[in-house]
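The next block holds one structure in the form of C-alpha cells; read it before the comments.
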Amino acid sequence: MVKKDMRRSDWHRILRREYVSRDCQICGRRGKESLLVIREVTGPLTVHDGGEDVLIVDTDYAWVQIALEGLPFWLTAMYDDRGRLIQIYFDITAGNRFDDPENPTFVDMYLDIVVNSRGELFVMDQDELDEALAEGTITQEEWNNASAACERLYAYLEENREAVTELCARVYRELWEQLASQ
C-alpha cells in the first residue's frame with residue numbers, strides 16, 4: 001500500500017508548483033480541499049483511464065483535491081491549462097489522515113473510480129486489489145472494506161455525478177482566486 005499526501009510532495013515529475021489549501025465542511029464532514037497548480041514538469045503524463053488515453057499532467061494543469069474525515073475515498077479533479085475538466089478521480093483509501101493539518105495523507109487501497117469528461121463512470125484497478133490480497137499485502141477485511149466502499153461510492157456517483165462535478169468546479173474557481181490573491 002502506498003501513502004500519498006495532498007501536496008504530492010513525493011512526485012518528482014513536478015518541478016515547480018503552486019499550492020493552496022483550506023479547511024472545508026461538506027455534507028456535515030470536516031476536511032481539507034486544495035488546489036495544486038503544476039507550473040513545470042519533467043514531462044507530460046498520459047494515463048489510460050476508462051478506455052481512453054488521457055493527459056492528466058502538463059504545464060499549467062491543476063488538480064483540486066478534497067479529503068473528508070471518516071470517508072474511505074479521496075477526490076482529485078483534474079483540469080487542463082485552460083481550466084477544462086479532464087476527469088474526476090476517486091482513490092479508495094484506508095481512511096484519510098489529518099495528522100498534519102496542512103498536508104493530509106491517505107493510504108491508497110488500489111481501487112479507483114473515474115468520472116471522465118463525458119460523465120461516464122469506470123471502476124479501475126480491481127486486479128491490483130485482488131493481487132494485493134493474493135500476495136498478502138492486504139487482509140481479507142481490508143479487501144472487503146475497499147470493495148464495499150467502492151460499491152457505495154459508485155452508487156452515489158450514479159445519482160450525484162453532476163452535483164460532484166459542480167462542487168469541484170466551485171472549489172476550483174474559489175481556490176484559484178485565493179491563489180491569485182496571495
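The values are calculated or read from the model by the stated rules, or taken from the named source; none is laboratory data. Keep in mind that this is a model prediction, so the values were computed, not measured. Neighbour counts are summed over all protein chains in view; Cβ atoms, including those assigned to glycine, are modelled from backbone coordinates with ideal geometry. Areas reflect the complete protein model, heavy atoms only, side chains present, ligands, DNA and RNA absent. Shrake-Rupley method; radii C 1.70, N 1.55, O 1.52, S 1.80 Å.
Full extension of the chain between Tyr154 and Glu120 gives 11.1 nm of extra length, using 0.36 nm per residue less the Cα-Cα distance.
How much length, in nm to one decimal, is gained on full extension between Glu177 and Glu128, taken as 0.36 nm per residue of separation minus their Cα-Cα distance?
Details: separation 49, 0.36 × 49 = 17.64 nm, distance 3.81 nm.
Fully extending the segment from Glu177 to Glu128 adds 13.8 nm.
Computed from Cα atoms, the angle from the helix 126-135 axis to the main principal axis of the chain rounds to 50 degrees. Size check on the range 1-109: the Cα extents along the three principal axes, sorted descending, read 35, 30, 27 Å. Converting phi to 3J(HN,Hα) with the Karplus coefficients 6.51, -1.76 and 1.60 and the offset θ = phi - 60°, the range 20-33 yields 9, 9, 7, 6, 8, 9, 10, 6, x, 10, 7, x, 9, 10 Hz in sequence order, with x at every glycine or proline.
What angle do you read, to the nearest 10 degrees and between 0 and 90, between the alpha-carbon axis of helix 140-180 and the longest principal axis of the chain? For 140-180 against the chain, the angle is about 10 degrees. Sequence-distant contacts, meaning Cα pairs under 8 Å at least 6 residues apart, place the relative contact order of the range 47-177 at 18 percent.
What is the calculated FRET efficiency for Glu40 to Arg84, with r their C-beta to C-beta distance and R₀ = 22 Å, to the nearest 0.05? Write out the running numbers ahead of the final one.
Values: r = 20 Å, r/R0 = 0.92.
That gives a FRET efficiency of 0.60.
In this structure the amide hydrogen of Asn96, modeled in the peptide plane, comes within under 5 Å of the amide hydrogens of Gly70, Leu71, none closer than 5 places in sequence on its chain. Which of rounded, prolate or oblate describes the range 45-106 when judged by the alpha-carbon gyration tensor and an a/c cut-off of 1.5? In terms of gyration-tensor shape, prolate. Toward the positive end of the charge dipole of the range 28-174, with +1 on the Cβ of Lys and Arg and -1 on the Cβ of Asp and Glu, the farthest Cα among Ile92, Val64, Ile138 is that of Val64. Expressed as a whole percent, the accessible surface of the range 1-154 that belongs to carbon and sulfur atoms is 46, based on a 1.4 Å probe. Which one, (i) 14.6, 43; (ii) 15.8, 50; (iii) 16.1, 46, gives Rg and Dmax of the Cα atoms in Å as derived from the coordinates shown? Comparing each candidate, only (ii) matches the computed number.
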